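First up is the structure itself, then whatever we jot down about it.
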Number of protein chains: 2
Amino acid sequence: MEAKGNRASEKAGRVMDGPTNPMVTPLLTDLYQFTMAYAYWKAGKHNERAVFDLYFRKNPFGGEFTVFAGLEECIKLIANFKLTEEEISFICQSLPGSCEEGFFNYLREIDCSDVEVYAISEGTVVFPKVPLLRVEGPVAVVQLLETPVLNLVNFASLVATNAARHRLVAGKSKMLLEFGLRRAQGPDGAIGASKYCYIGGFDATSNVAAGRLFGIPLRGTHSHAFVSSFTWSKSLSGIFGETNQSELAAFMSYALAFPSNFLALVDTYDVMRSGVPNFCAVALALRDLGYKAVGIRLDSGDLAYLSGEARKIFHTIEKEFGVPGFGKTSITASNDLNEETLDALNKQGHEVDCFGIGTYLVTCYAQAALGCVFKLVEINNQPRIKLSEDVSKVSIPCKKRCYRLYGKEGYSLVDIMTGENEPCPKVGERILCRHPFSESKRAYVVPKRVEELLKCYWPGKSDKVREELPALDDIRDHCIKQLEQMRPDHIRRLNPTPYKVSVSAKLYDFIHFLWLNEAPVGELQ
Amino acid sequence: MEAKGNRASEKAGRVMDGPTNPMVTPLLTDLYQFTMAYAYWKAGKHNERAVFDLYFRKNPFGGEFTVFAGLEECIKLIANFKLTEEEISFICQSLPGSCEEGFFNYLREIDCSDVEVYAISEGTVVFPKVPLLRVEGPVAVVQLLETPVLNLVNFASLVATNAARHRLVAGKSKMLLEFGLRRAQGPDGAIGASKYCYIGGFDATSNVAAGRLFGIPLRGTHSHAFVSSFTWSKSLSGIFGETNQSELAAFMSYALAFPSNFLALVDTYDVMRSGVPNFCAVALALRDLGYKAVGIRLDSGDLAYLSGEARKIFHTIEKEFGVPGFGKTSITASNDLNEETLDALNKQGHEVDCFGIGTYLVTCYAQAALGCVFKLVEINNQPRIKLSEDVSKVSIPCKKRCYRLYGKEGYSLVDIMTGENEPCPKVGERILCRHPFSESKRAYVVPKRVEELLKCYWPGKSDKVREELPALDDIRDHCIKQLEQMRPDHIRRLNPTPYKVSVSAKLYDFIHFLWLNEAPVGELQ
């Protein structure tokens, strides 16, 4: 597999493979991370111990939840984070002005052996303000990680969330296929989308490369061009019915190639007058040979109406020709679908069993970016707060612990952040959960279960045990279970209830002490 | 350079390097291209000569033009299109049902030596319906190319167009920097955006990997975290003015590291009460040492107002301290900018010299996908037309030639498509240009200049001369010149005039003959 891990394999003794995309190297960062590294180094500050939180401020797509994804790729980057000589010389040429020789030597030494990464498990349902990753280490090194880690988490979480939202609308019983490769934002916009849509609850992809890299099930049959590449002399048409005979020839060819997996695209000419009758003719012929046809795909027109009409014909054939099970012939739909069209189809009623979803899913058309940020919360054991006139942009200072508290019905109730050294919230204890910025918003919670969210995925020089990276299918299962643990009103499409994110009373007091201390007193003029 | 061309280098005797992203392989395609290849092969149709057109139906972003990009990567894929043994066995496992041994052998033979690719030059301004690429060859092979080629062209052209639109609003005199890496759709969503934004008229990127891969100029200084990583004891503050002393310390450190390139982010605490005065203090000190400060960056607040106030201070310093040129100190702005905010800033008046643009640019937030399609227009010398109830979705049949006709002011007037064997339109001749689908829309044009749009970029077994792939800077220059040749009303933001795309009288007649022939006669019930 050329595209996987070839960077890692260049370096003997690495703990794990490199990122899926070999273009993910320490150079996949903003230039200012290197100019700052030089400035830190010149000031003798580069080894100051810094703690950064990666979090987002607002859930995407007008919803009240997000699926966290991208962690595995981040850890693979961190595990293999080492600059080559050629990269170092490129960096030094690229810095504005000349830099001292000693900085080259410093860059040669840099790796993530002294960096610690705590993260929420991939596939977990997450909320604004709670750190998804906490990265600690020498300030210059952790800053270099900022950009690639944001890049790897932002789109992964966005598209996994989009997929989960499509799954919630489609319902559990439908098959969902990701068909976005041709419209995705570049080659690994596509490959990433295939991976993270699978995590978010899709069943398969059309993307062969993603199938090979990640073991995701593959699906696909034929296109309109296949049908129209068959030509049938008009003079022969008279002896057949009214259907398009070129289409019939295409279906027969396809069925000969895949007799056990005959699935026909039926809208090249006319769904009800040609495609469906031609499909049925071939399906019945296959049946005589001992094969069972899979079904049809609709790629245009009124999907609610056409799927219903096709279903009626399948039922009629089951009854009139005595073909048991024919009424259940699978119907796939695939024409520019998105959350809204799935919702509209549900409201109209439809007979579709399987949806193929492309453009709107993989490009996250409804909102093309997630705004994760990476903020300094502590340096040299000194807490740092980033103020802003916009309260939603004020950062929550300090190295923190984060917990999810569950109620008696098994639903999660609230997330709470505490200072690093505060005692862990206990089951059955009454805990005051405060809104981080709003004095009046607070609630007591008596949790039935307490889950610590941040786990150690990269221990650096600490003696923590490194959490293993789970297999893709386990991440997907975790995501599906996570969504089942959410109270339905938090995840519904229309006017979802915001999930509460809180801080401990002690952290609340500390935030506001710092805030007052740092904020300039305004002067009205 | 690990990430570039390592696939190509595995294969001796290749004409050119492989695609920038080594994940771009023949497997980066939809599974149905392989199922169809098998069905074509089973039917003995796989070598039938097919012609496909790649085109889009609607310009993005509500505009009336598109910048074509992605060609170089397509040609690099085509030049290196060869399946490995491991890929072949993966494909055969992935097909639904078992496939015959002979198909493996067929897959082993497949390459693009018998494929011809005609394309419009990369960086050209293009319009709906006109083929950007025409790909001819054995139908099974050309179908395999469909998905990767669409993937490589769709996002490239979308983001190049987005960049060109930002350049048009910003004006020629402003410096435009692409800062989107952290929010892009995955690693090469970012790397691709850097490349294609440069083609579309940006001046530089923050993305170090893109700088190394493509030689794009790099820019970047420091972040808020750099400023807030400096702490200054409050007890010392009294002896300085009202500015934040931690910020001053950070600026001094940065200036010591890059005395010739001091550019300070001035909004960590308070732009006018702290950031700008601190910048000026450091800039004046640098001046005493013989260095000239570059400028400031604003990343929040009212950019029109703040840039104006900062400019006033710079002018005052120039006058009162007698510092020639200080009034021209550069001001960069970079807070969630997009076409609309640039336009609003222009209307308000501002003093910004340079814009750093991220999320909205690289993710094409206003429209996250371009809808290029790849349609069969001819097979075995038989023209094919794809009908649709939606006229805009009817394809233009036949292997075609495409020309751009220019008027006396040097502006391009109209694009015209003709049949392959029609004579080329001549300068000074009166040419009837017809709308392809609307009988009443037609116009005579007497061109001052005629340009053939489709050039041979991959000659296959024909004796055509292969067009060289130009250097990135040449593509960028071409794009800039192209936009200058457009009549301003076609490219303006508000209510742009649609550019005319036409067919010859002969092709018009032929389209409508085919259409009538293929379309079923409806029955009203």
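The values are calculated or read from the model by the stated rules, or taken from the named source; none is laboratory data. Quick caveat: nothing in here was measured; it's all calculated off a predicted structure. Glycine also receives a Cβ, built like all others from the backbone with ideal geometry; neighbour counts cover every protein chain displayed. Accessible surface is based on the protein model in full, side chains and every heavy atom, while ligands, DNA and RNA are left aside. Shrake-Rupley method; radii C 1.70, N 1.55, O 1.52, S 1.80 Å.
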Do the conditions hold for B:Cys402, that is, is it more than 14 Å from chain A (Cβ to nearest Cβ), more than 25 Å from A:Asp30 (Cα to Cα) and in a strand (DSSP E or B)?
yes
Among the residues of segment A:47-58, which ones are part of a strand (DSSP E or B) and at the interface with chain B (Cβ under 10 Å from one of its Cβ atoms)?
A:Ala50, A:Phe52
Tell me yes or no: at least one residue of segment B:159-175 is at positive phi, touching a Gly at 6+ places or on another chain (Cβ under 8 Å) and of a type outside the set (Lys, Arg).
no
Any residue at all in segment A:51-64 that's at pLDDT below 95 and surrounded by fewer than 20 Cβ atoms within 10 Å (Cβ to Cβ)?
no
Whichever residue in segment B:30-46 is surrounded by fewer than 21 Cβ atoms within 10 Å (Cβ to Cβ) and without any contact (Cβ under 8 Å) to a residue 40 or more places away in the chain and, among such residues, is farthest from the other protein chains (Cβ to nearest Cβ)
B:Gly44
Condition test on B:Tyr365, is it open to solvent by 40 Å² or more (accessible area, probe 1.4 Å), within 14 Å of chain A (Cβ to nearest Cβ), under 30 Å from B:Arg311 (Cα atoms) and of a type in the set (Phe, Trp, Tyr)?
no
In segment A:74-101, what count of residues is obtained for those that are at pLDDT 95 or above, buried (at least 17 other Cβ atoms within 10 Å of the Cβ) and more than 9 Å from chain B (Cβ to nearest Cβ)?
11
Looking at segment B:391-421 only, could you name the residues that are within 21 Å of A:Phe226 (Cα to Cα) and over 27 Å from the mean Cα position of the chain (by Cα)?
B:Pro397, B:Cys398
So is B:Ile416 crowded, with 19+ Cβ neighbours inside 10 Å and either in contact with a Pro (Cβ under 6 Å, 6 or more places away or on another chain) or in a loop (DSSP other than H, G, I, E, B) (or both) or not?
no
What pairs can you find where one residue is in segment B:116-141 and on the phi > 0 side of the Ramachandran plot, the other is in a strand (DSSP E or B) and open to solvent by 10 Å² or more (accessible area, probe 1.4 Å), and their Cβ atoms are less than 9 Å apart, with a gap of 6+ or different chains?
B:Lys129/B:Tyr55; B:Lys129/B:Val501; B:Gly137/B:Arg49; B:Gly137/B:Glu116
Counting only residues in segment B:381-396 that are among the polar types (S, T, N, Q), part of a loop (DSSP other than H, G, I, E, B) and more than 8 Å from chain A (Cβ to nearest Cβ), the one least open to solvent (accessible area, probe 1.4 Å) is identified as B:Ser395
Failed item, numbered, when A:Met175 is tested on (1) farther than 23 Å from B:Arg183 by Cα; (2) facing another protein chain (nearest Cβ under 7 Å):
(2)
Name the one entry in B:Leu133, B:Leu177, B:Leu168 that is in contact with a Leu (Cβ under 6 Å, 6 or more places away or on another chain) and not hydroxyl-bearing (Ser, Thr, Tyr).
B:Leu133
Scan (1) modelled with pLDDT under 95; (2) in contact with a helix residue (DSSP H, G or I) (Cβ under 7 Å, 6 or more places away or on another chain); (3) surrounded by fewer than 18 Cβ atoms within 10 Å (Cβ to Cβ) for the single condition A:Arg108 breaks and write down its number.
(1)
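What are the residues in segment B:177-206 that are in a loop (DSSP other than H, G, I, E, B), under 19 Å from B:His478 (Cβ atoms) and open to solvent by 10 Å² or more (accessible area, probe 1.4 Å), if any?
B:Asp203
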Kindly list the number of the only condition in (1) in contact with a helix residue (DSSP H, G or I) (Cβ under 7 Å, 6 or more places away or on another chain); (2) open to solvent by 10 Å² or more (accessible area, probe 1.4 Å) that fails for A:Lys174.
(1)
Filter segment B:95-108 for residues that are closer than 13 Å to B:Trp41 by Cα and not aromatic (Phe, Trp, Tyr) and give the result.
B:Cys99, B:Glu100, B:Glu101, B:Gly102, B:Asn105, B:Leu107
Scan of segment A:120-133 for residues that are within 15 Å of the chain's Cα centre (by Cα) and assigned to a loop (DSSP other than H, G, I, E, B), ordered by number:
A:Ile120, A:Ser121, A:Glu122, A:Gly123, A:Thr124, A:Phe127, A:Leu132
Sort through A:Tyr444, A:Tyr403 and tell me the only one that's among the hydroxyl-bearing types (Ser, Thr, Tyr), within 19 Å of A:Leu54 (Cβ to Cβ) and modelled with pLDDT of 95 or more.
A:Tyr403
State yes or no: is B:Ala209 surrounded by fewer than 24 Cβ atoms within 10 Å (Cβ to Cβ) and either facing chain A (nearest Cβ under 9 Å) or in contact with a strand residue (DSSP E or B) (Cβ under 7 Å, 6 or more places away or on another chain) (or both)?
no
